[in-house]
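Everything below concerns the one structure shown next.
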Amino acid sequence: MKCIRCLSALFCIVFLAGCVSPPEPVTPIDVGPPIDAPAALDGAMLTLTVSDLHGFLDESGTVASQISPMMSGPMLKTMLGSKLGDPQLAGFAPSNGVAVVMLNPTNVFAVAEVQPSQTASYIAALNAMGLEAKEQDGLLLIAKNASVFAAAEPLTGRVQNDLLEAKRVPALRLSMKPSALIADNQEAITAGLQQMLETINASVRL
């Protein structure tokens with residue numbers, strides 16, 4: 001009797017095992033390509049980088065043409081270049097670009113990879129727009145006030161290496177330190193929040 005019970009139990013186990021489907025292999029989730037570390041400049045509060053200006057304007061023109069068929073990459077280049085006396089932006093070689101750096105609200109400057117043959121004409125055009133510009137280490141350094149150059153000049157090489165040459169892509173890249181921006185603009189932020197609260201309170205009383 002015990003033998004029969006054991007055989008019955010064994011049969012049940014084998015039967016149930018055959019009815020249960022083996023688990024399917026887990027398919028790995030496609031998380032897409034790895035995210036690159038953002039290009040940033042140590043010590044900067046905020047940076048804006050377009051490391052491939054021609055490529056960026058071409059890509060932007062393609063997107064803009066979906067809204068306005070008259071817009072295109074060449075049109076955007078003409079619009080920007082005409083302000084610099086260079087309608088085709090020939091001063092920027094393919095895959096060259098520009099980066100804007102904010103060390104703090106007082107010290108803001110741009111570094112542009114302009115062809116040496118066009119540097120003088122670009123400086124004249126920028127001066128006519130009320131901006132200061134100068135050649136620095138083979139790059140064009142631009143600022144609103146010449147007083148910014150003292151802080152900017154030692155950083156031009158790092159801007160090119162860390163921002164422009166870090167990765168040549170036809171895109172606008174932004175890096176920022178929110179804590180530094182908040183700390184430096186605490187008074188304005190507090191005043192803005194206070195005004196918003198007063199506006200909300202006034203509307204509630206109505």
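When the helices (runs of 4 or more DSSP H) confined to the stretch 62-170 are screened for residues that are within 25 Å of Met45 (Cβ to Cβ) and in contact (Cβ under 8 Å) with a residue 60 or more places away in the chain, those reaching at least 2 such residues are found at 156-159. As for the stretch 106-126, it holds no residue that is under 29 Å from Lys177 (Cα atoms), of a type in the set (A, V, I, L, M, F, W, C) and surrounded by fewer than 14 Cβ atoms within 10 Å (Cβ to Cβ). Note on the stretch 171-206: among residues that are assigned to a loop (DSSP other than H, G, I, E, B) and within 27 Å of the chain's Cα centre (by Cα), the one that is modelled with the lowest pLDDT is Asn185.
With Val98, Val114 as the choices, which residue is touching a Phe, Trp or Tyr at 6+ places or on another chain (Cβ under 7 Å) and modelled with pLDDT of 95 or more?
Residue meeting the stated conditions: Val114.
Tell me, yes or no, whether the stretch 147-159 has at least one residue that is farther than 24 Å from His54 by Cβ, among the β-branched types (Val, Ile, Thr) and at pLDDT below 90. Within the stretch 147-159 (the criterion being farther than 24 Å from His54 by Cβ, among the β-branched types (Val, Ile, Thr) and at pLDDT below 90), the answer is no, since none of the residues qualifies. Scanning the stretch 20-73 for residues that are charged (D, E, K, R), modelled with pLDDT under 90 and under 13 Å from the mean Cα position of the chain (by Cα) yields a single hit, Asp36.
The values are calculated or read from the model by the stated rules, or taken from the named source; none is laboratory data. Keep in mind that this is a model prediction, so the values were computed, not measured. Cβ atoms come from the backbone with ideal geometry, glycine included; neighbour counts cover every protein chain shown.
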